[in-house]
Amino acid sequence: MTSKDECAVKRLNTGVTVARLCPGLQGRARGEERTITQRLRTRREEAPAARFEAVGLRYGTGPEIFTDINFELPAGSFHFLTGASGAGKSSLLSLLYLAQRPTRGTIRLFGREVTTVPRQQLPIVRRRIGVVFQDFRLIDHLSTLDNVALPLRVAGISEDEIQRHVPELLAWVGLRDHMHALPETLSGGQKQRVAIARAVISRPDLLLADEPTGNVDDRIAMRLLHLFIELNKLGTTVLIATHSEALIDRFRFPRLHLEGGRMHRVTPVRDAARVGFPERGGRDGQESTP
Ligand SMILES: Nc1ncnc2c1ncn2[C@@H]1O[C@H](COP(=O)(O)OP(=O)(O)OP(=O)(O)O)[C@@H](O)[C@H]1O
């Protein structure tokens, strides 16, 4: 990472800059930002970003990996998703981004029942979701810049806007010198940052990230977390699947923990009294003292 990139990443704490960098889609044009207070007021009236009711899942004829999952992601919330390897974190995320349907139960996204939605209507819901996949899923023949620009191009954002925002966001995540590189020439950590930039560039309503800091060092991991937090302050509901105790300990966000096919809500002990009560921008978790 160059020193210019480092300065850029430090600016992430402002939030205002993230709003400028990630222009968003559909009615969230630049210059039309709602204030945090307006967002808070609106959020109270918003349906939960996601709601699972008695959800079960099995692959083929295998055992049920989820027996009875019930939980809700309130609009604008920030949660970590934890669980031992094989507990079902990636499977839960795949239900949330509609890559598969549950064996039973009901899933609502943004207030809409999606379990039975016809397949051709799924892209409308998916467009509101940004995903950072554990295996990145970059498009091999597209450069870093083109991979990240993809959601904006699909949404019909002008090339002018794309050329203004994408390079700046890439510089922020430390990829200024790799904008024209193909994925095969990037390290695991660099690919991960491309995947993150692609997921956040459209300022989705719901951001799902599967081990988004698994391939980077602690310093960059903290910076990427700040990017998610700033996005969350702008209204995005965030769910991050992670094994990283460093992240979980350092940031006092509530945890959804998968174990034995069920979901358990874990309230950060240090912050137990405050969880659920909006504070500093309405988040129910904040970074603890480093
Ligand atoms: N496509 C699939 N077909 C069959 N079984 C699967 C499939 N995907 C996952 N599983 C099984 O479902 C269970 C949950 O897997 P999943 O990958 O969701 O767990 P995880 O918590 O994300 O694990 P990790 O932390 O190791 O990434 C495991 O037993 C796994 O073998």
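The values are calculated or read from the model by the stated rules, or taken from the named source; none is laboratory data. Keep in mind that this is a model prediction, so the values were computed, not measured. As a convention, Cβ positions derive from the backbone with ideal geometry for all residues, glycine included, and neighbour counts pool all protein chains shown. The accessibility values were calculated without ligands, DNA or RNA, using every heavy atom of the protein model including side chains. Shrake-Rupley method; radii C 1.70, N 1.55, O 1.52, S 1.80 Å.
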### Query
Which residues, taken from the stretch 72-85, are surrounded by fewer than 22 Cβ atoms within 10 Å (Cβ to Cβ) and on the phi > 0 side of the Ramachandran plot?
Gly83
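Can you confirm whether Val154 is farther than 17 Å from Leu93 by Cβ, open to solvent by 50 Å² or more (accessible area, probe 1.4 Å), modelled with pLDDT under 90 and of a type outside the set (Asp, Glu)? Write out each step before concluding.
Details: farther than 17 Å from Leu93 by Cβ: yes; open to solvent by 50 Å² or more (accessible area, probe 1.4 Å): yes; modelled with pLDDT under 90: yes; of a type outside the set (Asp, Glu): yes.
The answer is yes for Val154.
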### Task
Working carefully through the options Asp177, Asp210, find the one that is closer than 22 Å to Pro48 by Cα and touching a residue at least 60 places away in the same chain (Cβ under 8 Å).
Asp210
### Residues located in the stretch 188-229, provided they are within 16 Å of the ligand (Cβ to nearest atom), under 15 Å from the mean Cα position of the chain (by Cα) and polar (S, T, N, Q)
Gln192, Thr213
### Task
Taking only the stretch 183-197 into account, find how many residues are touching a residue at least 40 places away in the same chain (Cβ under 8 Å) and farther than 14 Å from Asp217 by Cα.
7
#### Entry: Total residues in the stretch 82-101, condition in contact with a helix residue (DSSP H, G or I) (Cβ under 7 Å, 6 or more places away or on another chain) and either charged (D, E, K, R) or farther than 17 Å from Gly260 by Cβ (or both)
3
### Task
Go through the stretch 196-240 and count every residue that is in a loop (DSSP other than H, G, I, E, B), open to solvent by 20 Å² or more (accessible area, probe 1.4 Å) and in contact with a helix residue (DSSP H, G or I) (Cβ under 6 Å, 6 or more places away or on another chain).
3
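A quick yes/no check of all residues on (1) open to solvent by 20 Å² or more (accessible area, probe 1.4 Å); (2) assigned to a helix (DSSP H, G or I); (3) more than 18 Å from Ala54 (Cβ to Cβ); (4) polar (S, T, N, Q):
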site: Arg101; (1), (2), (3), (4): yes, no, no, no
site: Arg108; (1), (2), (3), (4): yes, no, no, no
site: Gln120; (1), (2), (3), (4): yes, yes, yes, yes
site: Gly130; (1), (2), (3), (4): no, no, yes, no
site: Phe136; (1), (2), (3), (4): yes, no, yes, no
site: Ile139; (1), (2), (3), (4): yes, no, yes, no
site: Leu145; (1), (2), (3), (4): no, yes, yes, no
site: Val148; (1), (2), (3), (4): no, yes, yes, no
### Query
Does Ala54 satisfy the condition of being open to solvent by less than 60 Å² (accessible area, probe 1.4 Å) and at pLDDT below 95?
no
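To keep it simple, each residue is scored yes or no on (1) within 16 Å of the ligand (Cβ to nearest atom); (2) without any contact (Cβ under 8 Å) to a residue 12 or more places away in the chain.
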{"site": "His79", "(1), (2)": "yes, no"}
{"site": "Ser91", "(1), (2)": "yes, no"}
{"site": "Leu96", "(1), (2)": "yes, no"}
{"site": "Arg108", "(1), (2)": "no, no"}
{"site": "Leu150", "(1), (2)": "no, no"}
{"site": "Asp160", "(1), (2)": "no, yes"}
{"site": "Gln163", "(1), (2)": "no, yes"}
### Task
Quick one: count up the residues across the stretch 172-188 that are open to solvent by less than 40 Å² (accessible area, probe 1.4 Å) and at pLDDT 90 or above.
6
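Residues are listed down the side, and each one gets a yes or a no for (1) in contact with a Ser or Thr (Cβ under 7 Å, 6 or more places away or on another chain); (2) over 23 Å from Pro212 (Cα atoms):
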| residue | (1), (2) |
| --- | --- |
| Gly56 | yes, yes |
| Gly60 | no, yes |
| Phe71 | no, no |
| Gly83 | no, no |
| Gly88 | no, no |
| Ser91 | no, no |
| Arg101 | yes, yes |
| Gly105 | no, yes |
| Val117 | no, yes |
## Note on the structure
The lone condition Thr116 fails out of (1) of a type outside the set (A, V, I, L, M); (2) within 21 Å of the chain's Cα centre (by Cα); (3) within 30 Å of Ile65 (Cβ to Cβ) is (2)
